[in-house]
1. Report, by residue number, each residue of segment 7-46 that is assigned to a loop (DSSP other than H, G, I, E, B), modelled with pLDDT under 90 and open to solvent by less than 70 Å² (accessible area, probe 1.4 Å).
2. For residues that are surrounded by fewer than 23 Cβ atoms within 10 Å (Cβ to Cβ) and either within 10 Å of Gly69 (Cβ to Cβ) or in contact with a strand residue (DSSP E or B) (Cβ under 9 Å, 6 or more places away or on another chain) (or both), tally how many sit in segment 113-122.
3. Tell me whether segment 151-170 contains one or more residues that are in contact (Cβ under 8 Å) with a residue 60 or more places away in the chain and in contact with a strand residue (DSSP E or B) (Cβ under 6 Å, 6 or more places away or on another chain).
4. Given the condition without any contact (Cβ under 8 Å) to a residue 24 or more places away in the chain, acidic (Asp, Glu) and closer than 18 Å to Thr167 by Cβ, answer yes or no: does some residue in segment 59-80 qualify?
5. I need the full set of residues from segment 123-132 which are buried (at least 16 other Cβ atoms within 10 Å of the Cβ), of a type outside the set (A, V, I, L, M) and free of Cβ contacts under 8 Å to residues at least 40 places away in the same chain, in order please.
6. Say whether the condition of being free of Cβ contacts under 8 Å to residues at least 60 places away in the same chain, assigned to a helix (DSSP H, G or I) and not hydrophobic (A, V, I, L, M, F, W, C) is met by at least one residue in segment 91-105.
7. Just to check your reading of the model, which residue among Ile120, Ile77, Ile133 is at pLDDT below 90, within 15 Å of the chain's Cα centre (by Cα) and more than 14 Å from Tyr173 (Cα to Cα)?
8. Does segment 201-225 hold any residues that are surrounded by 10 or more Cβ atoms within 10 Å (Cβ to Cβ), part of a loop (DSSP other than H, G, I, E, B) and more than 24 Å from the chain's Cα centre (by Cα), and which are they?
Amino acid sequence: MSSLEIGSFKGGALTNNGSGTSYVQHIQQIFAEMYSLAEQARMKGIDPFLKPESIVTSDVAERVEKLVGPKGVAERIRELAKTMPREEVAFKIAEEIVLGKFGVNGEGAAENAIRTALSILDEGRTVASIQGITRIKVKSNPDRSNYLAVYFAGPMRSAGGTEMGLTLVVSDYVRRMMGLDRYKATEAEARRFLEEVRLHERELTRFQFKLSDSELLNAIMRLPV
């Protein structure tokens, strides 16, 4: 799903189209007419979907809500953005979702919080928050304590390392808010991960940055999510 942001620029200072309507307003009017035609065409049932896939939004907050966020989160994002930088807004919104402010609880709250926070961080411009995360589960360690597991997919690729790193930071924050224990990898799990990484390097593609075996094992054994 993609998003089209309309009306982000002020049109009052731009050239007039001769009818008293600003240039941006004129473009918005034409766009609305074309989008309406697309809706009518889709309603005929010839295409796989009955509505245009692209959604229309007025700002980042609305885009986040329509893509992944719970109902009502757009207004809260706008409110927080007046006094906080985007990164703090993302963590605050994740916290409020986990605490049940938007009517979501349990695993659903964790998934909603992480996807919404990631969408705020990248301003809803990539598919990372939609398709880059396939699911989020609460699972059990060997000692029966519970931890948070995040499953990544192709759209969160090697070129999206920053997004993936931020996702883990947000996930760890959500884990703490939910009172969950950390992920406790076993030696066998860590070494299996190492072997799969090396196999990927040999058979498919090399990574942008080379890590030693000891560095990878150390990271896996200490990864909280």
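1. Quick first cut of segment 7-46, residues assigned to a loop (DSSP other than H, G, I, E, B) only: 7-15, 17-21, 43-46.
With modelled with pLDDT under 90 added as a condition, the list becomes 7-15, 17-21.
Within segment 7-46, Gly7, Ser8, Gly11, Asn17, Gly20, Thr21 qualify.
2. 0
3. No, segment 151-170 has no match at all.
4. No.
5. Step one: list which residues in segment 123-132 are buried (at least 16 other Cβ atoms within 10 Å of the Cβ), which gives 124, 126-130, 132.
Okay, now just the ones that are also of a type outside the set (A, V, I, L, M), so 124, 126, 129, 132.
Residues satisfying the conditions are Thr126, Gly132.
6. Our first condition is that a residue be free of Cβ contacts under 8 Å to residues at least 60 places away in the same chain; within segment 91-105, this holds for 92-93, 96-97, 100-105.
Cutting the leftovers down to assigned to a helix (DSSP H, G or I) gives us 92-93, 96-97.
Right, trim to not hydrophobic (A, V, I, L, M, F, W, C) and you get 92, 96.
Looking for residues that are free of Cβ contacts under 8 Å to residues at least 60 places away in the same chain, assigned to a helix (DSSP H, G or I) and not hydrophobic (A, V, I, L, M, F, W, C), one finds at least one in segment 91-105, hence yes.
7. On the way: Ile120 fails: at pLDDT below 90; Ile77 fails: at pLDDT below 90.
Checking each option against the conditions leaves just Ile133.
8. Across segment 201-225, the qualifying residues are Arg206, Leu211.
The values are calculated or read from the model by the stated rules, or taken from the named source; none is laboratory data. What you see is a predicted model, and the numbers here were worked out from it, not measured in a lab. No Cβ is skipped: glycine too gets one built from the backbone with ideal geometry, and neighbour counts run over all protein chains shown. The area values use the complete protein model at the heavy-atom level, side chains included, leaving out ligands, DNA and RNA. Shrake-Rupley method; radii C 1.70, N 1.55, O 1.52, S 1.80 Å.
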